[in-house]
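Below is one structure, written out as structure tokens; the observations come after it.
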Amino acid sequence: MIKKLVSIFLIIIFCTSNCALAKKVKSLSQLERREIETRFYDTADTNRVMKAAINTLQDSGFVIQEIEPELGYLRARKYFKKRYVSKGRAVGYSLLVAAYATLAVFTYGTTAYNVADPAIRLGNEFKDKTVVVDSNVDVEKFGKNKTKVRFVLVQKVLQNADGYSFVKSAPTRVIRIYDPEVYQEFFAQLDKSIFYEGI
């Protein structure tokens, strides 16, 4: 009975701390998002732009997954490790460790085994996670002498149920990236690549 009460209490604290620590992200309109993701180039040669986009992605560490030249579509993916710590989960696991340790004292150590699971999860929360970045590029002719390029990035932080990070695990965070600097960097590199393709 005491164990159930402690668990319910900690779940309530965990949920409220997650809500309190959630960051407020400025919401962008659909038009603003599309403006960030799209550029127009003064060339009607979509094949040249597509080759330049492939080279730009590969130079940035992406592996090409799929190319549809007729549709002007390509998909690429990149993996890397990064430390992502959820403050809400860290606080929740810390409270669980403290609560179960206290419970173990009052039960003369008979419930000490309960401390192991949240302690492992707390440790794993501070380890590097596998991050997958998926990119989609659409290249299409626009008007008579222009080509439109739309570049979309989606980032996924992978972590399985027990906190260990590996490629087959389910994402704990899926983020559509709208950082203008990321897109500016890609399009700046694409500009150079299109120029080199034309030489």
- Message: Just to be sure I understand the model, the point goes 7 Å from the Cα along the line to the Cβ. What's the resulting residue 192 to residue 81 distance in nm?
- Response: 2.8 nm
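Taking a threshold of 25 Å on the Cα-Cα distance, which of the pairs 78/127; 87/156; 78/141; 148/192; 51/129 fall above it?
78/141; 51/129
Since every read-out is calculated from the coordinates, none of them should be taken as a lab result. Since this is a predicted model, take the numbers as computed values, not measurements. Glycine gets a Cβ as well: all are built from the backbone with ideal geometry, and neighbour counts include every protein chain shown.
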